[in-house]
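The values are calculated or read from the model by the stated rules, or taken from the named source; none is laboratory data. Predicted, not measured: the structure shown is a model, and the values here were computed from it. We place every Cβ from the backbone using ideal geometry, glycine too, and count neighbours over all the protein chains shown.
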């Protein structure tokens with residue numbers, strides 16, 4: 001990341017990478033017993049941000065049914081900013097979904113730990129000091145909403161609160177999640193690997209990696225920087241004594257990181273397709289080896305899903321979108337139009 005931009009805190013990571021076995025599509029759901037004729041689909045959903053009604057609309061459009069063998073995956077940022085983060089997490093748990101941690105999910109977890117400490121639960125101090133270690137203690141069992149420090153209960157503005165790491169919306173979201181919901185979020189990995197069956201052709205290739213924000217080309221998955229995985233949007237090429245390398249940036253830049261990823265994959269013997277979110281400004285992105293699913297539902301646009309269908313003879317995919325069903329949140333305006341990129345200008349509009 002750029003040296004002049006401080007890194008945001010990362011809540012302790014329990015798992016960097018998890019693998020999804022394609023045989024999970026044939027698993028007997030805990031909700032019901034099914035026949036051997038179950039269909040085999042992965043439904044990978046973009047950034048939801050608490051827009052529960054939009055998520056339900058999307059799942060209805062794809063006719064999602066995990067009893068029949070559908071498997072739901074989120075690319076992170078299920079929570080924060082939208083009206084019903086708790087409802088989204090509850091639905092994910094109910095539907096036995098998998099997910100990766102997004103930067104907003106991470107912020108909510110960190111805010112929850114800070115709230116707990118502010119309320120006297122000092123078991124969370126380690127979580128606030130150790131950005132990438134395993135947490136030493138479970139999340140607090142105490143309900144948080146009834147113990148909000150002043151500034152989150154309407155009595156005083158947040159600026160007078162001792163809470164300083166996050167904004168008011170993030171603290172409010174953290175306070176509204178139950179213990180079990182926060183524990184579920186805390187266990188999410190930063191990456192999911194999905195290896196599709198090799199015995200039939202696939203329109204996506206056979207090696208899929210699901211992350212929230214992005215990956216740096218040329219760096220092994222196990223060596224990727226956790227901060228980059230949930231925050232990056234673009235890349236900067238750096239020249240050194242040992243040749244060129246990429247530095248990840250949170251800024252949008254003229255070109256997203258995925259464009260460089262696609263070019264790099266063309267030179268690789270074994271190729272991987274990355275499914276990601278995070279980049280709402282660019283909306284739906286369809287690269288040769290990258291698919292960006294954040295289509296800005298939070299801001300009133302669409303919620304998108306990548307549907308992967310595994311048939312007896314082939315593996316193919318389609319993109320399904322629905323219009324936002326919830327009350328949208330207006331995007332923050334970028335004041336300095338002189339420094340706006342082409343993407344910025346398309347997103348915010350140019351001041352006159």
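Just to be sure before I move on: is residue 12 loosely packed, with under 11 Cβ neighbours inside 10 Å and either under 20 Å from the mean Cα position of the chain (by Cα) or at pLDDT 50 or above (or both) in the structure I sent? Considered against the rule, which asks whether it is loosely packed, with under 11 Cβ neighbours inside 10 Å and either under 20 Å from the mean Cα position of the chain (by Cα) or at pLDDT 50 or above (or both), residue 12 comes out as no. Of all residues in the stretch 338-348, none are closer than 28 Å to residue 97 by Cα and at pLDDT below 95. For the stretch 62-90, a residue qualifies if it is at pLDDT 95 or above, part of a helix (DSSP H, G or I) and either in contact with a strand residue (DSSP E or B) (Cβ under 9 Å, 6 or more places away or on another chain) or closer than 16 Å to residue 275 by Cβ (or both), and exactly one does: 88. Each residue in the stretch 186-223 was checked for being buried (at least 18 other Cβ atoms within 10 Å of the Cβ) and part of a strand (DSSP E or B), and 7 of them qualify. Of the residues making up the stretch 157-176, those that are modelled with pLDDT under 80 and part of a helix (DSSP H, G or I) are 158, 159, 160. In this structure, does residue 265 turn out to be over 30 Å from residue 53 (Cα atoms), crowded, with 17+ Cβ neighbours inside 10 Å and at pLDDT below 90? No.
Checked against the criterion of being more than 19 Å from residue 291 (Cα to Cα) and at pLDDT 65 or above, the candidates 204, 194, 188 yield just one match: 188.
Just to check your reading of the model, which residue among 252, 246 is in a strand (DSSP E or B), surrounded by 15 or more Cβ atoms within 10 Å (Cβ to Cβ) and in contact with a strand residue (DSSP E or B) (Cβ under 9 Å, 6 or more places away or on another chain)?
246
If the condition is being over 15 Å from residue 101 (Cα atoms) and either crowded, with 18+ Cβ neighbours inside 10 Å or at pLDDT 95 or above (or both), then the stretch 224-243 contributes 233, 234, 235.
Residues checked against (1) under 17 Å from the mean Cα position of the chain (by Cα); (2) within 30 Å of residue 200 (Cα to Cα); (3) not in a strand (DSSP E or B):
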| residue | (1), (2), (3) |
| --- | --- |
| 298 | yes, no, yes |
| 305 | yes, yes, no |
| 313 | no, yes, yes |
| 317 | no, yes, no |
